[in-house]
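Each remark here refers to the structure printed beneath this line.
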Amino acid sequence: MPVIKQKFDVNHPRPVVWDMLQDIPRVVGCVPGAALDGPLDGDKAKGRVTVKLGPVKANFGGEATISADRADWSAKIAGVGVDKSHASRAKGDVSYRLLSPQPGVTTVEVEVDYALSGSLAQVARGGIVEAVAEQICADFAANLEAEIAAEATPAAPQTPADPAAPPLAEAPRPVARASELNMVQIMLRVVRRKIARLFGRG
């Protein structure tokens, strides 16, 4: 199977990032287009990823098996998804490891072995998958950072109606989550970033 390797930094200590990554519902919420289909069943999770390709929308439903080892700060997720409407199938093994290059910063190294079949495989050519994976990884990193920051930031006090009453705590605002993975928008963002880099080098 083809392999994609990505890495990103999170501005929080490794134990904090590790604990967040073990909270599967919150992690899934950080992945564009992903959603769970019910509670976890031991080390298994059922869910779906919605992918939009222009006017066509694919809905991959499937199951993933999750294993984690804090001893070496690593984990693996093996999953299979099927979109029955467009006869497409996706299979992938995701491995990640957390490194601590400096205090307060965690580097997440990710490796994905994947296989695609059906209509989606027809557009997964010429480095498109790698470019999309890079953008998804960047979006996930930003969402993860926001989730951890929201949990760590004390709630802002709210002025009560009665001036004599103590201030009310304001609930943290939830992180905005994409309901679908829009491939066209992602590719446009990738192209714009490459153009910016090109002119930056010039």
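Shown for Val132, Val105: other C-beta atoms within 10 Å of each C-beta, ranked fewest to most, produce the order Val105, Val132. Put a dot 7 Å past the Cα of Ala87, heading toward its Cβ, do the same for Ala152, and the two dots end up 5.0 nm apart. Look at Leu36, Leu188 and count the other Cβ atoms within 10 Å of each Cβ; fewest to most, that gives Leu188, Leu36. Taking 0.36 nm per residue of sequence separation and removing the Cα-Cα distance, the Ala121/Lys7 pair yields an extension gain of 38.6 nm.
Its alpha carbons give region 1-147 an Rg and a Dmax of 15.4, 48 Å. With contacts taken as Cα pairs under 8 Å and at least 6 residues apart, region 24-134 reaches a relative contact order of 15 percent. Taking label positions 7 Å along the Cα-Cβ direction at both Leu53 and Thr65, the computed distance is 2.9 nm, reported to one decimal.
Ranked by how many other Cβ atoms sit within 10 Å of their own Cβ, fewest first, the residues Thr65, Thr106, Thr50 fall in the order Thr65, Thr50, Thr106.
Expressed per residue, the C-alpha convex hull volume of region 65-121 stands at 90 Å³. At what distance in nm do the modelled label points of Asp23 and Val105 sit from each other, each positioned 7 Å from its Cα along Cα→Cβ? Distance between label points: 2.5 nm.
The numbers here are math on the coordinates, done by the rules we state, and not lab data. What you see is a predicted model, and the numbers here were worked out from it, not measured in a lab. Backbone-built Cβ (ideal geometry, glycine too); neighbour counts: all protein chains shown.
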